[in-house]
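Taken together, the values in this text are just the output of simple stated rules run on the coordinates, not laboratory data. Keep in mind that this is a model prediction, so the values were computed, not measured. A quick note on method: Cβ atoms are made from the backbone with ideal geometry, for glycine too, and the neighbour counts reach across all protein chains shown.
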Amino acid sequence: MQGSIAIDQSPSVQYLLRVGDTCLILGQRIAEWCGHAPILEEDIAMSNMALDLIGQARAVLTHAGQLEGRGHDEDQLAYLRDEKDYRNLTLVELPRGDFAFTVLRNAMVATLMKLLWERLRDSSDAELAGIAGKAIKEARYHQQHAADWVVRLGDGTDESRQRIEKALRELWLYVPELFESDAVDEAAQAQGLGPRWADLRAPWLEEMDTILDEATLSRPDEAAFRSTGKRGVHSEHMGFILAEMQHLQRAFPGGVW
Amino acid sequence: MSALAAMATTRCEQAWGVLDSVLDPEVPALSVRDLGIVRDVVDHGEALEIVLTPTYSGCPATEVIEHDVLQAIAKAGLGPAHVTLQRAPAWTTDWISAEGRRKLFEYGIAPPGPAAPDGAVPIRIFGRRADAVACPRCGSSNTERLSAFGSTACKSMYRCVSCREPFEHFKPI
């Protein structure tokens, strides 16, 4: 059995882990649709987006490992950390739910990532800026795809509308976490590594409103609840997804095929 | 080519020639040069460095392409060589050569139009009413998009309303 690795707590490494882990865990969740999506085209679309996200996570985690300087590669970071050392948004670890839940979450995360990658292209960290230059193109497609579906379901049948309204109520609870600032964000902003996520809130809401309006849905009020995945305190769902992801590397250290 | 001329060409020029024969494993109508993913070939004396750029972050063909490139260089007797991946500036379909576009069309894949300019892109809600893409079988522009994603990361699925045939479109990115 392979033990866990300890992670550097410096703000720049933590900032990169937030980006990389959010891509990694959402990629894993979306990949669960492979073989289960309602139609073949969507099965393929979900798998494609999962691949993009996991590719982005690989690049960011590799870079986080280099910055950390402890010799951790992308695989060690993806598979050998304890739950408290993952820095993804709680939003992305929630179980995949039905198709409405999935496409609405994809729209929320893709919109965030699009805005984030846009700004990371100007990062003082040249490697991160390079990753962002590639990822932004993919995030635009992800957002477009998810937005089309939110509109189709929101402005669709009674059944589809009821499902996406339910998803909206559930998912909106996790929005405040996206834009909460803390010392990690402030440090990243100060050194030019990347934006404070709080600064993405206004453009994010504007784009989400465009999508929700077109879908004839109303944006819920902001919840008082605060999720804390970005700080390593996760929901009860995180342990299960990690158990599935990590099993092979823990049981067969360094296993490849 | 005469033996003398062959000797006169540099190792780098020969390597570029070899890369013309290395095909993209997922779109085998195109060579890696047609695709525009070879950034540079540098002769370091001892070893050749081939600089490649990935098409999509998660493209599973990237590692296969690296392997195929090194194998072709070795087979041509130009080794030793190694591949370096360079991300910036990011690859765009605008780098697919005119020859590459012609090959795509003949292969039955609608080539990409110009990529969106590098800036903020507004969200467009359009469902299936995507930009007009000419059918590679009958040439009609009366086509509709079935899905923004296709059998590989770089393609989307379309159908021609005129000739009723489905086809793939290389996404502009």
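What the table shows:
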{"quantity": "Where the Cα pairs of chain B fall when distances are cut into 10 Å bins, in %", "calculated": "9, 33, 30, 17, 8, 2, 0"}
{"quantity": "Taking chain A and dividing mean pair separation by its residue count, relative contact order in percent (alpha carbons under 8 Å, at least six apart)", "calculated": "26"}
{"quantity": "Principal semi-axes in Å for segment A:184-253 [√(5λ), Cα gyration tensor, largest first]", "calculated": "32, 22, 13"}
{"quantity": "Size of electric dipole in chain B: Cβ of Lys, Arg +1 and of Asp, Glu -1, about Cα centre, debye, nearest 20", "calculated": "880"}
{"quantity": "Under Karplus coefficients 6.51, -1.76 and 1.60, residue-wise ³J(HN,Hα) of segment A:163-172 in Hz, glycine/proline x", "calculated": "5, 6, 5, 5, 4, 5, 4, 6, 6, 5"}
{"quantity": "Kirkwood Rh in Å, taken over all unlike Cα pairs in segment A:137-228", "calculated": "14.8"}
{"quantity": "Dipole of the protein assembly as shown [Lys/Arg +1, Asp/Glu -1 at C-beta], most positive-end residue of A:Ile25, B:Thr143, A:Val256", "calculated": "B:Thr143"}
{"quantity": "Distance from segment A:96-132 to segment B:35-65 (C-alpha centre basis), Å", "calculated": "26"}
{"quantity": "Chain A: proportion of alpha-carbon pairs further apart than 33 angstrom, %", "calculated": "16"}
{"quantity": "Å³ per residue enclosed by the Cα convex hull of segment A:53-156", "calculated": "102"}
{"quantity": "Sum of -39500 (n - 2.57) over DSSP H runs of 4+, divided by residues of chain A (222 nm, nearest 500)", "calculated": "-21000 deg cm²/dmol"}
{"quantity": "Label-point separation in nm, B:Asp94 to A:Ser160, each point 7 Å along Cα→Cβ", "calculated": "3.5"}
{"quantity": "Cα-centre dipole for segment A:70-176 with unit charges at Cβ (Lys and Arg positive, Asp and Glu negative), debye to 20", "calculated": "260"}
{"quantity": "Relative contact order (%) - criterion: Cα under 8 Å, at least six apart; region: chain B", "calculated": "17"}
{"quantity": "Surrounding net charge for A:Gly239, when Lys and Arg each add one and Asp and Glu each subtract one, Cβ distance under 14 Å", "calculated": "-3"}
{"quantity": "Filter on A:Lys134/B:Lys155; A:Lys114/B:Lys103; A:Lys114/A:Lys230; A:Lys114/B:Lys155; A:Lys134/A:Lys230 - keep pairs with C-alpha separation over 22 Å", "calculated": "A:Lys114/B:Lys103; A:Lys134/A:Lys230"}
{"quantity": "Relative contact order [Cα under 8 Å, 6+ residues apart], segment A:17-143, whole percent", "calculated": "27"}
{"quantity": "Cα-centre dipole for segment B:39-89 with unit charges at Cβ (Lys and Arg positive, Asp and Glu negative), debye to 20", "calculated": "140"}
{"quantity": "Cα-only radius of gyration and Dmax that characterise the protein assembly as shown, units Å", "calculated": "22.8, 79"}
